[in-house]
1. How many of the residues making up the range 562-606 are crowded, with 20+ Cβ neighbours inside 10 Å and in a strand (DSSP E or B)?
2. Quick one: which residue in 469, 463 is modelled with pLDDT of 90 or more and farther than 21 Å from residue 180 by Cα?
3. Give the residues of the range 585-596 that are within 17 Å of residue 462 (Cα to Cα) and within 23 Å of the chain's Cα centre (by Cα), sorted by residue number.
4. Just to be sure, is residue 421 assigned to a helix (DSSP H, G or I), touching a strand residue (DSSP E or B) at 6+ places or on another chain (Cβ under 6 Å) and surrounded by 18 or more Cβ atoms within 10 Å (Cβ to Cβ)?
5. Restricting attention to the range 337-367, which residues are within 26 Å of residue 237 (Cβ to Cβ) and out of contact with any helix residue (DSSP H, G or I) (no Cβ under 9 Å at 6 or more places or on another chain)?
6. With (1) surrounded by fewer than 16 Cβ atoms within 10 Å (Cβ to Cβ); (2) touching a residue at least 12 places away in the same chain (Cβ under 8 Å) as the list, and residue 464 as the residue in question, which single condition is left unmet?
7. Just one of (1) crowded, with 17+ Cβ neighbours inside 10 Å; (2) in a loop (DSSP other than H, G, I, E, B); (3) out of contact with any strand residue (DSSP E or B) (no Cβ under 7 Å at 6 or more places or on another chain) trips up residue 398, so point out which.
8. Does the range 607-637 hold any residues that are in contact (Cβ under 8 Å) with a residue 60 or more places away in the chain, surrounded by fewer than 19 Cβ atoms within 10 Å (Cβ to Cβ) and not in a helix (DSSP H, G or I), and which are they?
């Protein structure tokens, strides 16, 4: 009896289990059908193929079919574990919830698509109605027709579309406080522009330091001040001087304006038919009562610069034409006014340039106040990168700002490198904002793709060396460190020595070598004719000018005496044959080059002492009068060097 009961219970349990499995299979089949109805059968097959789930879908095994359903519904290729029988009901419940969400989204999307289609149909009907009304109202020779109206409608549709802001637009400084490293230049710009009597200005400085942005932001401040003549709608007209060319025939002149004669250029049709020339005011008139900003003003044609002077003096632009007849009654009033009185052009000129002052027309310079923007140091570049990263809302490795500062001294270029690295980080994170962080490797990859090289390759060192000294040069508004080295070989036969210097060096630099030879003999008592001396500028840079004289003298003395020179000191100054250190130019810019190379002490001529503030950029500034004073600072250990 007991065996019979056990057999009966097992049979009953197996029948219940079979019934439950059949119910789950029907449920799975229903879910497959529902999912195919939502996505479409073809899309389901394609998705299953991508996720390697086709064989599982065709399987007779219930767990395998459930696993396939998990993969395609959640689109998760990492799901590969067959569910246990007791887990299947819970999994099917999760799938049902996901399908419910999909159906809800599909319903909302269908409603939105329906509304969009209705709106588009309404717009289309409106356009059709406008075209019909226009055709009815206009005469037969109307300039408008259905084709032109259709193109106009297409332009209107295009106007409603657009991309997001570019990275440069997002990261451009929006306030004067965001412009890094130009506090003194901005203070001067504000004082000269935000005034009851604003001045014409020329802004000098290297590219990418904020000259254009500073001028635009200072104007915005000036508009808000009652003491300035700038109205709230004062224009800021910006143009690139490299694109401005003077036409000797005066047929085209976008800067000053020109006259469209009825025969050559073709004025308006109604004017051309009656032989009336039409003046076209230029950018100077567009900038009336505001600012005309000419970037790279040093690249402008000299003749065009001279013509601009006349406009600055008269504050008007005059127009002339052989076709103009003041007695012609058909001439419109505005054309007669332009020919007889000219076009107004009362504006403030701001020119920006990366060239030297000598490249600007002296007459323009005499009418403008001059402001110098300073090169950016690595610390400034790092601050710019920190500010930009905050605007992007992205994290980055601690070394990223320092690394970017090694590749550029331009703020704009630094922003470009960060933007490129940001794009790589997005790509690496697979568009997951939570995992987004800019790494050093992203910057290195940008540098490799863009073929960037470190801006500063010469670095100061703590170990002193014999016959090697750091000189200072300047090109434009950027200073640089020159590595000057010398070697001396005593000769067994006196009086037959020679001095060799870089063949690419200019005549003034070579004169400095001969001056240095005289000073060396005066200080040490050694005749350089008893030595073969080779002086070299590492890197083969072409240098000219006398400012390397003192550095060359120090290198020769070190080479023939064996005394080591400190490698954290840089020196500039012309050498006289009396051993005096004479004044040179570009001391302020050279300080930035020294700072970039890690120099801590800078030796300058005493005559240049007022050209640079003490402790500028954290450097120890040492003015000297004589070579002996410079050697006291340069040599690591002072020994008796005289004969």
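The values are calculated or read from the model by the stated rules, or taken from the named source; none is laboratory data. Keep in mind the model is a prediction, meaning the values are calculated, not measured. Every residue, glycine among them, receives a Cβ derived from its backbone with ideal geometry; neighbour counts consider all protein chains shown.
1. Of the residues in that region, 11 qualify.
2. Step by step, each of 469, 463 is checked, and only 469 is modelled with pLDDT of 90 or more and farther than 21 Å from residue 180 by Cα.
3. Scanning the range 585-596 gives 595, 596.
4. So residue 421 passes the test.
5. Result: 337, 338, 339, 340, 341, 346, 362, 366.
6. Failing condition for residue 464: (1).
7. (1)
8. Selection gives 636, 637.
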